[in-house]
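The values are calculated or read from the model by the stated rules, or taken from the named source; none is laboratory data. Keep in mind it's a predicted model, so treat the numbers as computed, not measured. FYI the Cβ positions are ideal-geometry reconstructions off the backbone, even for glycines, and counts take in every protein chain you see.
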Amino acid sequence: MNEIMSDIEKPNYLTKKSENAENEFEELIKASSFLGFDYLTADQLFSSEKCFEAVSKMHSDRLDLVAAKLNIPQESLNKLSSAVFSDKVLGIDKYFRYQGKIFGADIATGKSSSIINKRKKILEMKDVYTALGINNTIAIRIEKEIDDDLAIIIFSLIEKISQDPSKFYMEFRINKHENFNDVYFSY
């Protein structure tokens, strides 16, 4: 069982592109501290035990699903690191603070349908995120490198959601075009 758990703890990116997208987003947030962004780790926010408790009270079916997918007993999920639990169970890859609010970000590089699945999961588990102190969530589908122009667009949209207390979720789809940035967003 320990070998299985150690394999689960290793980063498990579907593609190099998805690994790069997550790392690029993390670096973007870290480099933007002068704008008021504060990069956070899951460990800084909560323990996997606290997450396990919140999910088991509100969405125990989610724990069943993830445990079956990982081929481990459900009670082993609370032994995962906070970062892995966050990714596997909550579906959140990165965290940051902006204007006093905690944001959870789910980064995707797959097909457009992947963002629809992420939206569904995030909105279904809003009560868990709220219980864990996460004020807002964003799902970002990235098909191209984040340049300065895209960073400005992303930051302005994050600012927009942070100023509207009725908005919990926002998604961005950054499409790859040679001569222009195509950013679709909704919330």
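What about Lys94, is it under 16 Å from the mean Cα position of the chain (by Cα) and either on the phi < 0 side of the Ramachandran plot or buried (at least 20 other Cβ atoms within 10 Å of the Cβ) (or both)?
Details: under 16 Å from the mean Cα position of the chain (by Cα): yes; either on the phi < 0 side of the Ramachandran plot or buried (at least 20 other Cβ atoms within 10 Å of the Cβ) (or both): yes.
Criteria met by Lys94.
Given the criteria touching a helix residue (DSSP H, G or I) at 6+ places or on another chain (Cβ under 9 Å), surrounded by 18 or more Cβ atoms within 10 Å (Cβ to Cβ) and under 16 Å from Gly133 (Cα atoms), does Ser86 qualify?
Details: touching a helix residue (DSSP H, G or I) at 6+ places or on another chain (Cβ under 9 Å): yes; surrounded by 18 or more Cβ atoms within 10 Å (Cβ to Cβ): yes; under 16 Å from Gly133 (Cα atoms): yes.
For Ser86, the condition - touching a helix residue (DSSP H, G or I) at 6+ places or on another chain (Cβ under 9 Å), surrounded by 18 or more Cβ atoms within 10 Å (Cβ to Cβ) and under 16 Å from Gly133 (Cα atoms) - is met.
Taking the conditions exactly as written (at pLDDT 85 or above and crowded, with 17+ Cβ neighbours inside 10 Å), does Leu123 satisfy them or not? It would help to see each step written out before you state the result.
Values: at pLDDT 85 or above: yes; crowded, with 17+ Cβ neighbours inside 10 Å: no.
Against the criterion (at pLDDT 85 or above and crowded, with 17+ Cβ neighbours inside 10 Å), Leu123 does not qualify.
For the list (1) closer than 17 Å to Ser81 by Cα; (2) among the hydrophobic types (A, V, I, L, M, F, W, C); (3) at pLDDT below 90; (4) buried (at least 16 other Cβ atoms within 10 Å of the Cβ), I need the number of the one condition that Met1 fails.
(4)
Taking the criterion of being surrounded by 17 or more Cβ atoms within 10 Å (Cβ to Cβ), within 15 Å of Gln99 (Cβ to Cβ) and not hydrophobic (A, V, I, L, M, F, W, C), would at least one residue in region 139-158 satisfy it?
There is no residue in region 139-158 that is surrounded by 17 or more Cβ atoms within 10 Å (Cβ to Cβ), within 15 Å of Gln99 (Cβ to Cβ) and not hydrophobic (A, V, I, L, M, F, W, C).
I'd like the full set of residues that are part of a loop (DSSP other than H, G, I, E, B) and over 20 Å from the mean Cα position of the chain (by Cα), limited to region 55-78. Walk me through it before giving the result.
From region 55-78, those part of a loop (DSSP other than H, G, I, E, B) are 59, 71-73; that's our starting set.
Within region 55-78, Asn71, Ile72, Pro73 meet the criteria.
Pick from region 159-181 the residues that are at pLDDT below 75 and charged (D, E, K, R): which of them is surrounded by the fewest Cβ atoms within 10 Å (Cβ to Cβ)? Steps first, answer last, please.
Residues of region 159-181 that are at pLDDT below 75, as a first pass: 174-181.
Now restrict to residues that are charged (D, E, K, R): 176, 178.
On the way: Lys176: 10, Glu178: 5.
So, considering only residues that are at pLDDT below 75 and charged (D, E, K, R), the one surrounded by the fewest Cβ atoms within 10 Å (Cβ to Cβ) is Glu178.
Only one residue in Ser47, Ser33 is under 22 Å from Asp127 (Cβ atoms) and either out of contact with any strand residue (DSSP E or B) (no Cβ under 7 Å at 6 or more places or on another chain) or of a type in the set (A, V, I, L, M, F, W, C) (or both), so which one is that? Please lay out each step first, then the result.
Working: Ser33 fails: under 22 Å from Asp127 (Cβ atoms).
Ser47 is the lone residue from the list that is under 22 Å from Asp127 (Cβ atoms) and either out of contact with any strand residue (DSSP E or B) (no Cβ under 7 Å at 6 or more places or on another chain) or of a type in the set (A, V, I, L, M, F, W, C) (or both).
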